[in-house]
Amino acid sequence: MKNKKILIIGAAVVCLIAAILTLKPGTEKRGDATEKIDRYLGITKNVLEEVFIDEQYFKEKFNNDIADKNTIDLFKFLQFTFQNDNLDSHFSDVLNYLINLYGEEKGRELLELYKVFTVYEIKIHSEDFFKHQQPATAAEAIGFLNEIKNYRESSFGKELADKLFGDEQRMYEYKIMLNEIVKDSDMYGSEKEKEIGALKNNLSYESDDKNEMSEMDLYNMKLRLYKKDLLELSESKQKELKEKFRGEIFTPEEASRLDQLELHNEQEALREKGIPENN
């Protein structure tokens, strides 16, 4: 059912929360808890009006544990679906929906957790620590991320917070440290790949790069990892290494088209400089 889900790349505060916050004088509308970290990483977020295509996604995801990483997806869906600036009315609509979807016992159990989540959302978007400066370094980004983690643990308890947000926490830690490894100009590509492998093991995090990144993104990442290697190679050796990377990532047809595109771009660059092409 993964393809049935329209993924949210981090939704901003939904209308329910925004409506409640606007009742407080001097309160500014805020984005996600991790918004500053996303900006540090260069991640652009978009709020999607249509969050999920059908309810079957949730029916399949909540057969066992009602508190895991999928729970947050469900709660975001509920916020978007039942927009109401009156919490009691909102909770009543949510309860009816959950009972219809999961039955009386699980529906009421989910509602109680959803109430805790809603209070957490309202508080976290008005907390003073979100007035911090934008992180400028990896250490500052990790520090801010840990503040968010501590706040979640104080709201939900350590075990429940890890069930709900643990994967997200590890994902951000991974991306922050990955960014530091990739941009290190003193490391060769093989060293960087070894460091990335160790990072995944240390965090117990497995990134799904093939589904999260396009083939071109994966290829450009490979070039960034091996930037030092490429700079130290002759032009012919550079082309050999790039061809090797393309063969690992693209189909033969795609690799051939990319070869032609790069040749075209090289010729265009020469023409712009007034340098005759080598025939």
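The values are calculated or read from the model by the stated rules, or taken from the named source; none is laboratory data. Every value quoted in this text rests on a predicted model; they were computed, and no experiment measured them. Reconstructed Cβ throughout: ideal geometry from the backbone, glycine too, with neighbour counts over all protein chains shown. Areas reflect the complete protein model, heavy atoms only, side chains present, ligands, DNA and RNA absent. Shrake-Rupley method; radii C 1.70, N 1.55, O 1.52, S 1.80 Å.
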State all residues of the range 91-115 that are under 22 Å from Arg152 (Cβ atoms) and open to solvent by less than 60 Å² (accessible area, probe 1.4 Å); if no residue qualifies, say none.
Phe91, Val94, Leu110, Leu111, Leu113, Tyr114
Odd one out for Gln133, checked against (1) in a helix (DSSP H, G or I); (2) open to solvent by 60 Å² or more (accessible area, probe 1.4 Å)
(1)
Kindly state which helices (runs of 4 or more DSSP H) lie completely within the range 179-254 and contain at least 1 residues that are touching a residue at least 40 places away in the same chain (Cβ under 8 Å) and over 25 Å from Ile37 (Cβ atoms).
189-203, 227-231
Would you confirm, using the coordinates I've provided, whether Lys239 is surrounded by 12 or more Cβ atoms within 10 Å (Cβ to Cβ) and either β-branched (Val, Ile, Thr) or farther than 20 Å from Ile181 by Cα (or both)?
yes
With the condition kept exactly as written, say whether any residue in the range 166-178 is closer than 18 Å to Ile43 by Cβ, loosely packed, with under 15 Cβ neighbours inside 10 Å, free of Cβ contacts under 8 Å to residues at least 60 places away in the same chain and under 20 Å from the mean Cα position of the chain (by Cα).
no
Where the second residue is of a type in the set (Lys, Arg) and surrounded by 16 or more Cβ atoms within 10 Å (Cβ to Cβ) and the first is in contact (Cβ under 8 Å) with a residue 60 or more places away in the chain and lies in the range 131-155, which pairs have Cβ atoms under 9 Å and are six or more apart or on separate chains?
His132/Lys36; Gln134/Lys36; Pro135/Lys36; Ala141/Lys36; Phe144/Lys36
